[in-house]
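Below: the structure, in structure tokens.
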Amino acid sequence: MRAESARMVAADAPVDAWSCFLFARFPAPSPALIICRAIYEQALSTSHSEQQNILEATDLKQGGSRAVEGGRRNPIKSGHRKFKLSASLDRISPASAYATRPQSEHLGFIVANFLSSTTTSRRRNIPSNTRPRYHDHTPPSMADEVSIDTAQFHTRLSSLITQWKADKRSGNNVFGDVSSIAIVMGKSDPETSGFHKANATQFWLLGYEFPATLMLFTMESMYIVTTQKKAAYLEPLKGGKTNVEILVRANKDEVQNQKINEQVLDVIKNAGKKVGMIAKNVSTGPFIQQWNTAFADIAKEVEEVDISPALSAVMAVKDENELRSISSASRASANVMQDYFIDTMSDILDKEKKITNSALAEKVANKLDDDKFFRQTKMPANFDAMQLDWSVSPTVMSGGNFDLKLNSNPDDNNLHAGVIIAALGLRYQTYSSMVARTYLVDPTKQQESMYKLLLNVHETVIKEMRDGVMAKDVYNKALQVVKNKKPELEKNFIKAVGAGVGVEARDNTLVLNAKNQRTLRDGMTFTITTGFSDLQNPTAKNQKKDGTYALMLSDTVRVTSGSDAFVYTKHAAMDIEATMFFFNDEEEEVKQEKPKQKKDSRVGAVASSNITKTRLRGQGGATQNEEKEAQRREHQKELHQKKQKEGSEKYAEGHGNLNGVEEKKFKRFESYKRDMNFPPRVKDLIIVVDTKNSSIILPIMGRPVPFHINTLKNATTSTEGEFCFLRINFLSPGQGVGRKDDSAPFEDPSAQFIRSLTFRSKDTERMENVKDQITEMKKVSVRRDQEKKEMEDVVEQDKLVEIRNRRPHRLDNIYMRPAMESKRIGGHVEIHQNGLRYQHLGNARVDILFSNVKHLFFQPCVGELIVIIHVHLINPIIIGKRKTKDIQFYREATEMQFDETGNRKRKHRYGDEEEFEAEQEEKRRRAQLDKEFRAFAEKIADAGKGEGLSTDMPFRDLGFNGVPSRSSVTIQPTTDCLIQITEPPFMVISLPDVEVVHLERVQFGLKNFDMVVVFHDFTRAPVHINTIPVESLDGVKDWLDSVDIPFSEGPLNLNWGTIMKTLVADPHEFFKEGGWSFLAAESEDEGSGEEEEESAFEGSEGGSSGDEESEEESEFDEEASAEASEGGSGSEDEEGEDWDELEKKAARKDREGGGEEEDRRGKAKGVKKR
């Protein structure tokens, strides 16, 4: 159902103008008219000044401050204010409508944001303390909607009590011999609230924060003191392994509260003389004051012990769910640092833009609202960007002002191109992370040396963090590295190299310093931080900004039982190549003169005369490789011309858009056929989320109005005072700008639409729950549409015709990929009349018809661990719950009895003889496997010859390494394809489907290049094969040329998304302007540049002003000619003389006179010395 809206009218417009515009504009059933009538009636009953007061009072404020651990605050500046028309429904709706609502939400007002182009940040107008929290005004009937994981609660409670008892038996080193533990949580103040031990314990146990609540633990039971409405959520916790008793207090009943306090105090006194409490509890409020007053009565009878270290020890070792959340938070933080901050910072410095450190930090902070950014990065499949928040607000430091403790806000000085430190940390599902990097712009040699030392220290800390190591040993090890390398920097090194991280961004009881004797355990998580402060740069030109600098690195890691810690934030590179930027290219390399090489005159004479029968360098003769390259280039030129001609003929003028075959149509969504299908709860005039019909029903002017979920964009909540605001945003024209897929078309884009509706209620939990339901329903709807789109090309195969008159050919003891089940189960494959049938031991079947097979491959186990028969399909089929176009059957080449890892039984013979026999047996078994699988593949091809099926085998000698997906694999050509079928995901590229191939990053000095394969079907995304060793470049070119595929090469990576989008938009214009010639032109430009360099080199050698070696040879040749003329040889050409002629000439000169020869030799020696 599409919602329409009125145009925005100024708040101070006369009432008559409103009525004339509104009621002449909309038909009676329009929801927009209901809202506008409400505004009109409100205006009639309110004076002009009161109207203005209402508008000012109800305008949503953007801004506030976000509390962060460590005493830091990040002031969020106010965003764009928006004009809104608001009205109080309490004053205009019938009283009977509200009287019939048992769960009345008392909607304060509805705000219609009419055609406003600015978008409210979903988090910027919400304080950072908007965590799952339940208050006294939550209705008891909603207890069944709160999701507290009871099993997880009792598991963690048992872990707490078990460690408590174990510590008591071992000497009370951690818990301090306490008999009870009291954790008090006061009110949640948005101005001062952060994550601390009290609410961290609540999050750890319950998953939520319960303000004004006391939790008391003994070794046998747990007591929770809270209000009646919060107690309703906690009732399911009863009946577990540990007894849980809930004591209900009332805010206004002092007598009842005093009795409960006395009961709790009696439990503490009866448990023992020591009670564990949080020494530095930052919670405040009336409940805290009442508890402190009551506890003062027994303060002399019991001893208080700080229980913070014990709670830290209990929560330090994370379970699987906690580690998953920290991993997601760390990966998101690293992505922001690596994929956004570096690009933004380098662009600012490269273009010499002016921006302050605080403004850049704010720019990074605003990236939190960019859901598209987090969707494009590599995150877990079920990652929800809406659950992200800042645990460490982005900080940028430069220009000599550095604070490694991150206690101060970024300054307002401009970003300085020197040493730049950036730090940030994201929180996911309340679990924190942190990453910090130092970037050096045009660093000095001394700064490079310092950073290398910091990298060494940082890596030492990571390697030292192992299970069983003491915290102080980690710090001392890092400090020892500093002392050994540069002892003068000990005073500059930070006093702690990290701290525990979890719900709290920094666990102050688990700090890695020189005094902490806590032992690290497998599963603990830390933010490790290494750095040097107050370093001096005496050679700096600008002493004020570059004279003093600091270095800092931070990562979020997990302690493992292995050799070193696992780094969650490793995606943010910190090696020296990735963190140094050079923008000043003023220094030029000084060319060193080559020393003259002394040559023997006789060797030079012989060489100069003998070289005449070969190609001289000055003549520019082509070598054999150059001839081959010229032939290949000529052949490629013909292929490109042919491809251009085919494209011009195929896409003649008027061909149009390739995507224009199927035009997007307006979709109509129906929520309900008639009003009797409404859910029964609509009579209460509350917001109803109907997941069955994918709709929400909103109470507007006393009427339930349904909206289909596909008309909604999203829903957000914000708090202001005691009210919670639920904002529902709708889809409207113009909102799809910049999105990957265009927004759905509208029947009449020129119509007027409601952009958003805002509801107000004191019931915060109810509003949050509605928002979560809408968000989840939207996700399900999007996921359902995506699955439907993915299954569009899946076809239903015909039935397999089984062979009945004989036993079918069968291959036993094989495995299939993709697997039908999570665990690997073997099976067999059979050849029937029109296809294959795979059946594993669980009686599950997969049928493959020959009519659906495009390619059949057999890959032997030479150089591999498995032997493979691979089937590539024309149309995908469903295996399990996923579609696939590639199915393979394989068997491992190594059997258990021949395993060389030591698991096999040794025979009575030992030594080289046994190893030789095992090696020979391995070769025989591999040959037998290849023979068996090849014979079966040929039988498959023979059975499917009616469908044109044949067996193809890869040419391993032509293979090359590359990264088509995640890892580096061997990619091998076949007769008709280019394949990679060893590791999933498989890659099969049919050569007849290939249009062109472009080789990227082909330039001198790079060790790798990339290959991009473009298909005839331009709507199909190109395939990228990255990181191919440059040693394979000539082999790849030769193979592409041999299979008549036009290719080109260039030094840069191209934006293929834009190229293909331009091509698909108008293929005729693309080929009219030269088609793929822009790729060949790039390749030719590079080639011509090389030829020019080569010709210049030749000219320098052949000319008189060439290198000194040529000059020396030239001088020697002149003297030799002069010498020959003195001997009476006349003008004979030395270049034509061979060894025989030289010997005859020497003998003749010897006979004519030996003295004269000696004189000439002396003269020649003098020339050589000169």
Open item on the list: So for each of 821-828, 418-425, 172-179 I average, over its residues, the number of other beta carbons within 10 Å; can you give me the resulting order with the highest mean first?
Closed with: 418-425, 172-179, 821-828
Task: Calculated from backbone phi, Karplus (6.51, -1.76, 1.60) coupling profile of segment 402-411 in Hz, x at Gly/Pro - done: 10, 10, 6, 7, 6, 8, 10, 7, x, 7
Open item on the list: Normalised by the empirical 2.2 N^0.38 Å for globular proteins, what value does the Cα Rg of segment 298-354 take?
Closed with: 2.20
TODO: Starting from the Kirkwood radius over alpha-carbon pairs of segment 380-435, derive D by Stokes-Einstein at 10 °C in a medium of 1.306 mPa s and give it in µm² s⁻¹.
DONE: 124 µm²/s
Open item on the list: What percent of all Cα-Cα pairs in segment 450-564 falls into each 5 Å bin, going from 0 up to the bin containing the maximum distance?
Closed with: 2, 12, 22, 23, 17, 11, 7, 4, 2, 1
Open item on the list: What are the extents of the Cα atoms of segment 759-852 along their three principal axes, in Å, largest first?
Closed with: 77, 28, 18
Task: Computed P(r) (all Cα pairs; segment 798-850; 10 Å bins; percent) - done: 25, 52, 21, 1
TODO: Can you pull the one-decimal nm distance between simple spin-label points at Arg925 and Glu459, each 7 Å off the Cα toward Cβ?
DONE: 4.0 nm
Open item on the list: Below 15 angstrom from the Cβ of Pro538, what's the summed charge of the other residues (Lys, Arg +1; Asp, Glu -1)?
Closed with: +1
- [ ] Answer rounded, prolate or oblate for segment 971-1056, using the Cα gyration tensor with square roots of eigenvalues a ≥ b ≥ c: rounded when a/c is under 1.5, else prolate when a/b is larger than b/c, else oblate.
- [x] rounded
- [ ] Compute the distribution of all C-alpha to C-alpha distances in segment 927-976, in bins of 10 Å from 0, and list the percent of pairs in each, rounded to whole numbers.
- [x] 23, 34, 33, 10
Open item on the list: Please state the shape class of segment 805-893: rounded when a/c is under 1.5, otherwise prolate if a/b exceeds b/c and oblate if not, all from the C-alpha gyration tensor.
Closed with: rounded
Task: Listed residue (Ala329, Val317, Ser346) projecting farthest to the positive dipole end of segment 315-356, Cβ model - done: Ser346
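Please give me the summed charge of the neighbours of Ala941: other residues whose Cβ is under 11 Å from its Cβ, Lys and Arg +1, Asp and Glu -1. List each step's numbers first, then the result.
Values: positive: Arg934, Lys939, Lys945; negative: Glu938, Asp942, Glu947, Asp952.
For residues surrounding Ala941, the net value is -1.
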Open item on the list: Run through segment 250-313 and list the GluC sites (Glu not before Pro) located in a DSSP loop whose Cβ has at most 11 other Cβ atoms within 10 Å.
Closed with: Glu301
TODO: Multiply the residue separation of Ser781 and Ala573 by 0.36 nm, subtract the distance between their alpha-carbon atoms, and state the gained length in nm to one decimal.
DONE: 71.1 nm
TODO: Calculate how many DSSP beta bridges within segment 395-505 are antiparallel, expressed in % of all such bridges and rounded to the nearest 5.
DONE: 100 percent
Open item on the list: Multiplying the sequence separation of Lys168 and Glu938 by 0.36 nm and subtracting their Cα-Cα distance, what value in nm do you get?
Closed with: 270.0 nm
TODO: Mind computing the radius of gyration and Dmax over the alpha-carbon atoms of segment 533-586? Å is fine for both.
DONE: 16.7, 50
- [ ] Set the Förster radius R0 to 22 Å, insert the Cβ-Cβ distance between Ala279 and Lys187 as r into 1/(1 + (r/R0)^6), and round the FRET efficiency to 0.05.
- [x] 0.65
Open item on the list: Can you give the Rg/Rh ratio of segment 963-1002, where Rg is from the C-alpha atoms and Rh is the Kirkwood radius?
Closed with: 0.98
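Expressed as a rounded percentage, what relative contact order does segment 191-288 have, with Cα pairs under 8 Å and six or more residues apart?
Once divided by the residue count of segment 191-288, the mean separation gives 24 percent.
May I ask for the net charge around Ala271, where only other residues with Cβ less than 13 Å from the Cβ of Ala271 are counted and Lys, Arg are +1 while Asp, Glu are -1? Before the final figure, lay out the partial values.
Numbers: positive: Lys168, Lys269, Lys273, Lys274; negative: Asp177, Glu220, Asp266, Glu301, Glu303.
For residues surrounding Ala271, the net value is -1.
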Open item on the list: With only alpha-carbon atoms in the gyration tensor, what are the semi-axes of the equivalent ellipsoid for segment 215-307, in Å, largest first?
Closed with: 21, 18, 13
Open item on the list: If packing is taken as the average count of other Cβ atoms within 10 Å, what order do 291-299, 520-528 fall into, highest mean first?
Closed with: 520-528, 291-299
Task: Overall form of segment 482-544 per C-alpha gyration tensor (a/c, 1.5; a/b vs b/c) - done: prolate
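Computed from the coordinates by the stated procedures, all read-outs in this text should not be read as laboratory data. Here the structure is a predicted model, which means the values were calculated and not measured. All Cβ positions, even for glycine, are placed from backbone atoms using ideal geometry, and neighbour counts span all protein chains on display.
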